[in-house]
Amino acid sequence: GRTIAETQCASCHSLDPHAASEPGRPPAMRDVLLRYDPDVLAEDLIEGIQLGHADMPTFDFSVTGADALVALLQALPPPALE
């Protein structure tokens, strides 16, 4: 999951487990599951459904890849309460 996040997500989504996203930027990886149910996200990644916004590329994930990325997201520390 980490390799997928680093190669396909990190150019837009912060992988820093403690940094907040900058205003106007995509959410940090640790915040993605605040927006998506993990099971739905995995299914959507496998099916190639466009997520997020029009500028976000469409990815082709295998079941293993989608599950690995979602497992990484679930392992990241939750966002700090503000």
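The values are calculated or read from the model by the stated rules, or taken from the named source; none is laboratory data. For clarity, every value in this text was computed on a predicted model and none was experimentally measured. In this analysis, Cβ positions are derived from the backbone assuming ideal geometry, glycine residues included, and neighbour counts consider all displayed protein chains. When the accessible area is computed, the model is the full protein with side chains, heavy atoms only, and any ligands, DNA or RNA have been set aside. Shrake-Rupley method; radii C 1.70, N 1.55, O 1.52, S 1.80 Å.
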Checklist outcome for this item: Taking the range 41-52 and keeping residues open to solvent by less than 70 Å² (accessible area, probe 1.4 Å) and modelled with pLDDT of 85 or more leaves 41, 42, 44, 45, 46
Checklist outcome for this item: Filter the range 2-28 for residues that are modelled with pLDDT of 90 or more and buried (at least 17 other Cβ atoms within 10 Å of the Cβ); the one that is nearest to the chain's Cα centre (by Cα) is 5
Item to check | Selection count where residues are hydrophobic (A, V, I, L, M, F, W, C), part of a loop (DSSP other than H, G, I, E, B) and modelled with pLDDT of 85 or more, scope the range 53-65 | outcome: 1
Next on the checklist: Among the residues in the range 66-75, are any open to solvent by 30 Å² or more (accessible area, probe 1.4 Å), at pLDDT 85 or above and outside any helix (DSSP H, G or I)?
Outcome noted: no
Next on the checklist: Where the second residue is open to solvent by less than 80 Å² (accessible area, probe 1.4 Å) and among the basic types (Lys, Arg) and the first is under 15 Å from residue 10 (Cα atoms) and lies in the range 63-79, which pairs have Cβ atoms under 7 Å and are six or more apart or on separate chains?
Outcome noted: 76/30
